[in-house]
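Colleague: I'd like to ask you about the structure that follows.
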Amino acid sequence: MPKERKQVDVRIEPWKDTDLALLFRLNAPEMLEHLGGPETEEQVHRRHQRYVNITGTETGQMFTIVMLPEFEPVGNIGYWERVWEGETVYEIGWGVLPEYQGLGIASAATKAAIACARAENKHQFLHAFPSVDNPGSNGICRKLSFTLKGECNFEYPPGSMMRCNDWFLDLRVSP
């Protein structure tokens, strides 16, 4: 049975130490089929520490996606610095728990994260690298007016190459 489409209200909140349980829920095989599969418990703990510690470093930000009015944590989104084609840019990535997918949550959260990155006025470009086989994430990029630069090989997880689309957004251009 298809999911009922309804207007959703979400907000993004800075990732905090208490969000570890959500990260374990996001580490499910169906969530990571386009990203090399689930991580080990130790890898999830290390990722969580990176998410907690990025706040205040001026190198990016990680957020919990919270659905309102229930204040239910339903995913994560963040952006971080990376050097891409010789230029320091922001990379953005997100994940929404399977039972909440298809409701516009990821699009709304991505729009909010873009606004945060734009307000920093630090980097001109924000890139997303969804797998070419991930129609949902590619659709979000399309919906939010990212420009498709083309396909590329991308190392993720470390040591493993995947075929991705390189989508970018100029943060200095108003939406």
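Colleague: Compute the length gained on full extension between C152 and H45: take 0.36 nm times their separation in residues and subtract their Cα-Cα distance, giving the result in nm to one decimal.
Modeller: On the way: separation 107, 0.36 × 107 = 38.52 nm, distance 2.94 nm.
That pair, C152 and H45, stretches by 35.6 nm at full extension.
Colleague: Something else about it: Which of the trypsin sites (Lys or Arg not before Pro) across region 92-175 are loop residues per DSSP, with 15 or fewer other Cβ within 10 Å? Before the final figure, lay out each step's value.
Modeller: On the way: sites: K111, R118, K122, R142, K143, K149, R163, R172; in loops: K122, R172.
Passing both the DSSP loop test and the Cβ count: K122, R172.
Colleague: Follow-up. Looking at the square roots a ≥ b ≥ c of the eigenvalues of the Cα gyration tensor of region 103-175, which shape do they give, rounded for a/c under 1.5, prolate if a/b is larger than b/c, or oblate?
Modeller: Numbers: a/c = 1.92, a/b = 1.44, b/c = 1.33.
Prolate, because a/c is 1.5 or more and a/b exceeds b/c.
Colleague: In addition: Starting from the 7 Å offset along Cα-to-Cβ, what nm value, one decimal, do you get for the label separation of N53 and D9?
Modeller: 3.7
Colleague: Could you tell me the center-to-center distance, by alpha carbons, between region 43-83 and region 124-173 in angstrom?
Modeller: If we compute the Cα centre of each part, the gap is 19 Å.
Colleague: So what does log10 I(q)/I(0) come out to for the chain at q = 0.13, 0.15, 0.18 Å⁻¹, using the Debye formula with one equal point on every Cα and no solvent?
Modeller: Debye output, listed in q order: -0.63, -0.87, -1.33.
Colleague: For the chain, which span is the longest to avoid every loop-located (per DSSP) member of GluC sites (Glu not before Pro) having at most 13 other Cβ atoms inside 10 Å?
Modeller: Numbers: sites that count: E4, E30, E33, E58, E70, E85.
Here the longest run is 86-175.
Colleague: Have a look at S131, F24, L103 and report the one farthest towards the positive end of the charge dipole of the chain, computed about the Cα centre with Cβ charges (Lys/Arg +1, Asp/Glu -1).
Modeller: L103
No value in this document is a laboratory result; all are computed from the given coordinates. Predicted model only: the values in this text are computed from it and were never measured. When we count neighbours, we look across all protein chains shown, and the Cβ atoms used for this are built from the backbone with ideal geometry, even at glycine.
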